[in-house]
Structure formats: structure tokens, C-alpha cells
Amino acid sequence: MPWREMKQKDKKKTKRWTGKIKNVHLPDIEILDEIKEKAEFKASRISTKANQSYKEGLKLVQGRIMEIKSNYRYIVEINGELVTAKMSGRLKQFLYQSHTIAAVGDFVAVDVANNSDKRIEKILPRRSALIRYGKGSFQKEIILAANIDQVIITSSWRKPRFKAGLIDRYLCIVAIQNLKPIIVINKIDLLEDEQELKEQTAYYEAMGYPLICTSVVNGTGMQELKELLKNKDSVFTGHSGTGKTSLINYLEPSLNLPTAEVSDRNEKGKHTTSQSILIPWSFGGHLLDTPGIKTITLHREDKEHIPKVFPGFERLYSKCKFSDCRHINEDGCAVLEAMEEGIIPYERYDSYQYLYASL
Ligand SMILES: Nc1nc2c(ncn2[C@@H]2O[C@H](COP(=O)(O)OP(=O)(O)OP(=O)(O)O)[C@@H](O)[C@H]2O)c(=O)[nH]1
Ligand SMILES: [Zn+2]
């Protein structure tokens, strides 16, 4: 019945909404606490579910993935022993996020309760990752290895001839991957002109890069290289024929990897598997052997990083007037100034321009 037609006494009975709240019933504080607790419990339960297995009686031990045998079969080092472990079904659900759930080098928690069926139950946070991107417009991330410390950029003085421009390129790749570089100039037994070597290496040494000249023919620099590899996980990269395999064989003769002379096979024949493997050095640390290292190159998407990571520029670019300075013709460019002052040699700047334009 409309309000206007109502009798006065009825109007009194059914009070019109005045906009004021009266007598709101508040639940006891204890009840609220209980509801809150339940919600908290639910939230923690969800995160526990994501982190742990439902399984009862887990016996988790820490290990490290040394090799991936097949999709879900891994060789894991646990307390110095190599065991085979499978990926827990619970972790497989995360496969859609990345091409590989676990990578060689990953530290993992393995359930060893059932000796004949060991399961990787957790992948511990990565310190670093060596990543390459799949081809095509949809670029899926492929993790070649995790928790690697350093990249040995291998070049040779002669055969093939040393090219500083290549070192620049590799240094950029390593910087973008957030890894530490070590420059090796191998075949130094072929050196004739000491002065020329000094001219070629002075810049990198001044910029603080570790640089070693080596020879597997007369042993130059090999002890020094060993010291840098000790207790670290390293991967060798560099052009074909610079002597990567020879260096590794010199350091660890028992590996006896086939070098260019021994195997006249083509590139493909050398690595029959496409998987990465971590090989322990007898003197501590590991060697990462991965055919994928050759596929890590600079892409167009890396172009924007080059002005910041090019060797020696990383300490200059923040002084440029523009934060997105390309160091080409901008006003107040610290790199161009440094070149005019002779701090950056013209050859290096030239190499930068060439590299930048090539992407
Ligand atoms: N003179 C001299 N020759 C070397 C030295 N190290 C390697 N070589 C030679 O260089 C050639 C190539 O050596 P490898 O070790 O196969 O080179 P690599 O970098 O592993 O080559 P890829 O497997 O093609 O990438 C071989 O003929 C070696 O004997 C060195 O220190 N001095
Ligand atoms: Zn600049």
C-alpha cells in the first residue's frame, strides 16, 4: 500500500526508512577471530599445497641435477653420489609455464623415502640461469643450465686470428645473461709480437675483465686458468677451432674429449645429444657441457641493452644526459666524451657502432 493512503496508526507502526542504522548486531569478537583464522588457514593451505606434496612420510634430501636423461628422468647428485630420480607428478603441472621445469644445475629436494622410486619434490630458487629463446614469434624460454658462475670466452691468438670485436660481442652476451666473463686468449705459443698483444688486450684489462693467455702446447697460463675454474661452475664458449676442447682435456685429461685433429667429424657428429651435462672437475667445481651455448647469440631484442652493457660503457652510460642515450650523436654523451679524451679507444667505439647497427 502506498505511504500516502496509509492510516496514521499504521504509519506509526511501519516506520519509514530514515537513513539511520539502529541496533546493528555485531557478532562477538571471538567469532570474528574464528572466521579470520579459518581464512588464514585456507590461504596457508593453498600455498602449502603448491610447495609441498600431499604424500605422507616424505624423506627430503638436497641434491643437484647433473643431467637430464629424458623428460622426467634426472641424474641427481646427492652427497657426492649420482642417483636417478623422477619428477614428482605435482611439479609437472607447472610445465606449461616454461619449456623445462628443471634444468641442469638446479638444486632440488628429492624424496628418498622409496629407494627404487626417488622423486624430485621441489626446485630451489635459482641464483642464475643460462637462457636461450626458441625460434619463431612465440619465443619460449629454454633454460640451458641453472646456477652457473662464469663463462670462459675462448679466443685464439692465431688460427683463427684474434678479433677484439668478437670479444666485445661475447662480453655483451655474457652481461645480458647476468654472468661473469673470463677472457681466454689461447694458442699464445703462436705469438710473435708482444707489443701487438698488449695493444689488443690493454683495454679489457683496464676495464677489469679477468684475461688469461694460454697455450696447451707449452702450458702457459694453464695453472692460472685452473685457479679461476676451481670450485666454480663454468661453461666454455667461443668460436670453432679456438681450442676449447683442447683446454678442457689439458685441465682434465681423463675426460679425453675428441678435438679437431682426432675427430674430423662435423659439428653435428660431435654432440650426439642435445642435452646439457654438468661434469665435476677433479680440482673442484664443474664444467657445463652444453651444445646450446652456441645458440646463445644477440637478438634484436637485445639491442636496447647494448649501449649499457658494451664493455666499458656500463660505468659511463649513467653519466650521459639522456637515460636512453645510444652514444651516437646525442648531446652530453659521456661515452663520446670518453672517446674524445682517449679513455675509450676509437677501435672499441667503432666496434660498438658496428655491433649496435648489426642488430
Ligand atoms: N698451437 C696451438 N694449437 C692449439 C692450441 N690449443 C688447441 N690447438 C689446436 O687447435 C685446433 C682446434 O682445437 P679444438 O680444441 O678442437 O678447438 P675447439 O674450440 O674445441 O673447436 P670446436 O669443437 O670446433 O668448437 C686443434 O688442431 C688443436 O690441436 C694451442 O694452445 N696452441
Ligand atoms: Zn651516451
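The values are calculated or read from the model by the stated rules, or taken from the named source; none is laboratory data. This one's a predicted model, so the numbers in the text were calculated from it and none came from an experiment. Heads up, the Cβs are rebuilt from the backbone with ideal geometry, glycines too, and the neighbour counts pull from every protein chain shown.
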Task: Those residues of region 64-84 which are over 19 Å from residue 289 (Cα atoms), surrounded by 12 or more Cβ atoms within 10 Å (Cβ to Cβ) and of a type outside the set (S, T, N, Q), in sequence order - done: 72, 78, 83
Open item on the list: Against the condition in contact with a His (Cβ under 6 Å, 6 or more places away or on another chain) and more than 16 Å from ligand 1 (Cβ to nearest atom), how does residue 309 come out, does it pass?
Closed with: no
- [ ] Return the pairs, sorted by first residue and then second, in which the second residue is more than 8 Å from ligand 2 (Cβ to nearest atom) and acidic (Asp, Glu), the first residue lies in region 310-327 and is without any contact (Cβ under 8 Å) to a residue 60 or more places away in the chain and assigned by TED's automatic domain parsing to the domain that holds residue 349, the beta carbons are less than 6 Å apart, and the residues are 6+ apart or on different chains.
- [x] 321/331
Open item on the list: If the requirement is being among the hydroxyl-bearing types (Ser, Thr, Tyr) and assigned to a loop (DSSP other than H, G, I, E, B), which of these qualifies: 201, 242?
Closed with: 242
Open item on the list: Can you tell me which residue is farthest from the chain's Cα centre (by Cα) among those in region 245-277 that are at pLDDT 90 or above and either outside any helix (DSSP H, G or I) or outside the structural domain of residue 159 (by TED's automatic domain parsing) (or both)?
Closed with: 252
- [ ] Identify, by number, the condition in (1) near ligand 2 (Cβ under 8 Å from one of its atoms); (2) within 30 Å of residue 277 (Cβ to Cβ) that residue 309 doesn't meet.
- [x] (1)
TODO: Give the residues of region 188-200 that are away from ligand 1 (no atom under 16 Å from the Cβ) and surrounded by 14 or more Cβ atoms within 10 Å (Cβ to Cβ), sorted by residue number.
DONE: 200
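Going through 170, 203, 209 one at a time, which residue ends up being aromatic (Phe, Trp, Tyr), out of contact with any strand residue (DSSP E or B) (no Cβ under 9 Å at 6 or more places or on another chain), more than 8 Å from ligand 1 (Cβ to nearest atom) and in contact (Cβ under 8 Å) with a residue 40 or more places away in the chain?
Selected residue: 203, the only one of 170, 203, 209 that is aromatic (Phe, Trp, Tyr), out of contact with any strand residue (DSSP E or B) (no Cβ under 9 Å at 6 or more places or on another chain), more than 8 Å from ligand 1 (Cβ to nearest atom) and in contact (Cβ under 8 Å) with a residue 40 or more places away in the chain.
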TODO: Determine which single condition residue 185 fails, assuming it passes every other condition in (1) assigned to a loop (DSSP other than H, G, I, E, B); (2) within 15 Å of ligand 1 (Cβ to nearest atom).
DONE: (1)
